[in-house]
Amino acid sequence: MLIGACAGGPQVSANERYTGQVAAGVVRPAGATGIAVQRRLISALEASGDFAGVYPLFAPTQSSEVGVVITPSILDERHGPNGLEQLRVQVRAERQSQTRDALKKTYSGRSSARNTALDDLIQPLARDLTRRYGRKPVY
């Protein structure tokens, strides 16, 4: 009897919409730079504090509990003597439940004296994702 009582949570109406934080999943892009893009994006989104969690994924169809799937694709990368000098990434992000709410945009980054090409690209990308899908925690 006790187990049955513990397992039953509060009943939520089917009409009630969840408006809190969601978890995000970042798919690893193909190529040698893909792991770096995935790690930096996860780090930037976690630092924002606007997602319930940010997790690495190997494929957009991977089984997970994330609410938003972020799929970056590396379109162009140029390496120079100091490492990655230019990077262009196309990103598709969508809620698991609402694919019509997708974000599809291309981001470009160039290295400078202060930033790497990846840093230059990640900042506006993380900002757009946070604005579109992020929520502040409610305590």
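The values are calculated or read from the model by the stated rules, or taken from the named source; none is laboratory data. Because the structure is predicted, anything quoted here is derived from the model rather than measured. Positions of Cβ are backbone-derived with ideal geometry, glycine not excepted, and every protein chain shown enters the neighbour counts. Keep in mind that these areas ignore ligands, DNA and RNA; they rest on the heavy atoms of the full protein, side chains included. Shrake-Rupley method; radii C 1.70, N 1.55, O 1.52, S 1.80 Å.
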- request: Give just the number: which of (1) crowded, with 16+ Cβ neighbours inside 10 Å; (2) hydrophobic (A, V, I, L, M, F, W, C); (3) free of Cβ contacts under 8 Å to residues at least 12 places away in the same chain does Ala32 not satisfy?
  value: (1)
- line: Counting only residues in segment 44-76 that are surrounded by 13 or more Cβ atoms within 10 Å (Cβ to Cβ) and assigned to a helix (DSSP H, G or I), the one modelled with the lowest pLDDT is identified as Ser48
query: Pairs, please: C-beta under 7 Å, at least 6 apart or cross-chain, first residue part of a loop (DSSP other than H, G, I, E, B) and in segment 77-91, second open to solvent by 30 Å² or more (accessible area, probe 1.4 Å)?
result: Asn82/Ser111
query: Does at least one position in segment 85-97 carry a residue that is open to solvent by less than 80 Å² (accessible area, probe 1.4 Å), within 15 Å of the chain's Cα centre (by Cα) and of a type in the set (Gly, Ala, Ser)?
result: yes
- request: Determine which single condition Cys6 fails, assuming it passes every other condition in (1) open to solvent by 20 Å² or more (accessible area, probe 1.4 Å); (2) modelled with pLDDT of 65 or more; (3) of a type in the set (A, V, I, L, M, F, W, C).
  value: (2)
- request: Taking only segment 99-139 into account, find how many residues are assigned to a strand (DSSP E or B) and either open to solvent by 30 Å² or more (accessible area, probe 1.4 Å) or farther than 17 Å from Ser73 by Cβ (or both).
  value: 5
